[in-house]
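The values are calculated or read from the model by the stated rules, or taken from the named source; none is laboratory data. Just so we're clear, the structure is a prediction, and the values are computed from it rather than from any experiment. Ideal geometry is used to build each Cβ from the backbone, glycine not excepted, and the neighbour counts take in all protein chains shown. Areas reflect the complete protein model, heavy atoms only, side chains present, ligands, DNA and RNA absent. Shrake-Rupley method; radii C 1.70, N 1.55, O 1.52, S 1.80 Å.
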Amino acid sequence: MDFSRPHIYHESVASRSNIRYIALPDNDKKKKDDQSLDDRVIASANQAAQDLLLGPGLADVDPRLIDATRFQESMTPSSDTIQPGSLVVIFESFDNLNFVYAKSKEIFNNRNGHFHHDDFIGKPFGCKIRSRNNRGYGYCFLLKPTPELWSRSVNHRTQIVHELDASMICFYLQLRPNMVVCETGTGSGAMSHAIMRTISPAGKLHTFEFNHQRATQARQEFAENGLSHLVEVYHKDVCGKAPVIENYKPGEKEDTKDNKKEEDTPPPQQSSSSSSSPQQVQGGFGLLGQSVDAIFLDLPEPWLAVPHAAFCLKPDGRLASYSPCVEQTQRTVTAMRKAGFHSLKTFEFRLRENYVHEYDMDPPPRAKRPKVDPNPHDRSRMNNNNDKATTDDITVAMVGDEDTGAEADNEESQVSEAEISLTAGPDEVEDAIEAAKATPISTAATAKKEKTSPTTAVNASSKQRKMVVARPFTNMRGHTAFLTFATAGLLPQPDPNNNKNPTK
């Protein structure tokens, strides 16, 4: 991975600014009133350069440090092509990713065909590779590895921390480059990669795993990915529930011959003759007090590790606990408060993905529907009020200019009925209505009818607009978990191993 390589330095805007300390002549120690204007300007410029490059309020500073050329810009070197031994993430399908280390004469096989590593080497990341069999119909994409792609392609030895929770953990732990971080529960190493990317190029991750096989496999994967200089893997139970190895050295390589037999087992115990020693059942991180910037706990019983975390964290250091059950979170919060932590917050993050498509859709209708009287020819209603009908009884709410021809015809006849009913009696109304139906359609109605000709219908279909619509996935990746964050206090906390009762 790119972040595993040391940063490279090159000129920046600051280094090219030529800001530096300018030595004054021998009379620079004269009183301020006796200095010339040029000397005063140079002295003020030197002070401004010192405040800018080294910070304000410093005294007795070496003038050689006040030089902008010392402040070059650092960046992570990027590899654009696949080299022998490079880690390559293979995109097989939308929900199927895999990974290989490019080696000459090796072959990667999947349902799409046979893919030779020799075809990978020298190609740029992101390219499309055809299979050598199946007449080249099978293909896959070669992607540059990232912690997110790694977490989706690696075999999950345990339940992993998905990318949404990983990003929130790095954010709320306030991780920065060159920090010292502890992690409990290495598992598949997904969260470890996200932390190492954040603390590179000179940070250090101390990750602890109580399972012998998982610790050995994680150490091997970190070495193959070129991350050994950023991480130290420990085979240890931080909670202190299992006895530890005598003269245990953090990071030492254990024998891997019997890995299968030791799966899901704590570190090996000592003999019963020495088990009475109070120094054998010890938890903690094995680091000095107030030496760690942040700690992440991913344990079944994180409250047992909270006192050890309080001892190792620096003042105002950050602590995060990842628990699937709210009962675990409650016990952890209680332990955090007893250990002097403050500013406690608990979150639950869920990521809901959506299918996004673009469709041609008709614009929504904007015309109002006609509001018609249900009985416009009811004689009993027209005979009321001295055989006179009001216009409100039979008036029809008209549609705008976009009415169809049929609506225009109906509108013309209804208007004629309304005009006749205002001046004639009931018998004369019936005769006038029959005569109005037999008359030709008025020019106004004809004009409205012409607006809805077949040509107009074609134009209406051409008014379709492209709209982006989204449909949520049926399932949300990830699992329910509660993240609790806290800040360490300013006072140092005691080492729990020194206060542990051996008979308890």
key: Highest to lowest packing among 43-53, 317-327, 9-19, scored as the average C-beta count within 10 Å   = 317-327, 43-53, 9-19
inquiry  = What are the ³J(HN,Hα) couplings of region 10-21, residue after residue, when phi is run through the Karplus curve with 6.51, -1.76, 1.60 and θ = phi - 60°? Round to Hz, x for glycine and proline.
reply    = 8, 5, 10, 4, 5, 5, 8, 6, 6, 7, 7, 7
key: Per-pair calculated FRET efficiency, R0 = 30 Å: K128 and T76 via Cβ, rounded to 0.05   = 0.70
inquiry  = Residue by residue through region 493-498, what is 3J(HN,Hα) from phi via Karplus (6.51 cos²θ - 1.76 cosθ + 1.60, θ = phi - 60°)? Round to whole Hz and write x for glycine and proline.
reply    = 9, x, 6, x, 5, 7
message = If each residue of separation counts as 0.36 nm, what is the full-extension length gain between L287 and H114 once their alpha-carbon separation is subtracted?
response = 57.4 nm
task = Determine, from the Cβ-Cβ distance of R40 and V61 and an R0 of 22 Å, the FRET efficiency 1/(1 + (r/R0)^6), rounded to the nearest 0.05.
result = 0.65
message = Test of understanding: what is the full-extension gain from E106 to D373, defined as 0.36 nm times their sequence separation minus their Cα-Cα distance?
response = 87.9 nm
query = Ignoring ligands and nucleic acids, what accessible area does W303 show with a 1.4 Å probe (Å², nearest 10)?
reply = 40
task = At 1.4 Å probe size, with no ligands or nucleic acids counted, give the accessible surface of R20 in Å², nearest ten.
result = 120
key: Residue-by-residue Karplus 3J(HN,Hα) for region 172-177, coefficients 6.51, -1.76, 1.60, Hz, glycine and proline x   = 6, 7, 6, 6, 9, x
request  = Output the pairs from K236/K338; K241/K314; K368/K463; K236/K314; K144/K236 with a Cα-Cα distance over 27 Å in this structure; if there are none, say none.
outcome  = K144/K236
note = Checking rank on 355-367, 207-219, with mean other Cβ inside 10 Å and highest first, the result is 207-219, 355-367
ask   = Can you give the Rg to Rh ratio for region 197-244, taking only C-alpha atoms and Rh from Kirkwood?
value = 1.03
task = Arrange the peptides 72-80, 135-143, 54-62, 230-238 so that the one whose residues have, on average, the most other Cβ atoms within 10 Å appears first.
result = 230-238, 135-143, 72-80, 54-62
note = Under 5 Å from the placed amide H of N96, counting only residues 5+ away or on other chains, we find none
inquiry  = On a full-extension model of 0.36 nm per residue, what is the gain between E358 and N155, subtracting their alpha-carbon distance, rounded to one decimal in nm?
reply    = 69.6 nm
key: Summed side-chain charge close to K128 - residues other than K128 whose Cβ falls under 13 Å, Lys, Arg +1, Asp, Glu -1   = 0
Amide H contacts under 5 Å for I107, placed H, 5+ residues apart = H117
ask   = Considering only the other residues whose Cβ falls under 12 Å of the Cβ of H10, what net charge follows from Lys and Arg at +1 and Asp and Glu at -1?
value = -1
Sequence of H206, H193 when ordered by accessible area, the most exposed leading, probe 1.4 angstrom = H206, H193
task = Would you mind getting the accessible area per residue of region 55-205, heavy atoms of the protein chains only, 1.4 Å probe, in Å²?
result = 50
note = Cα extents of region 88-177 per principal axis, largest first, Å, are 51, 25, 20
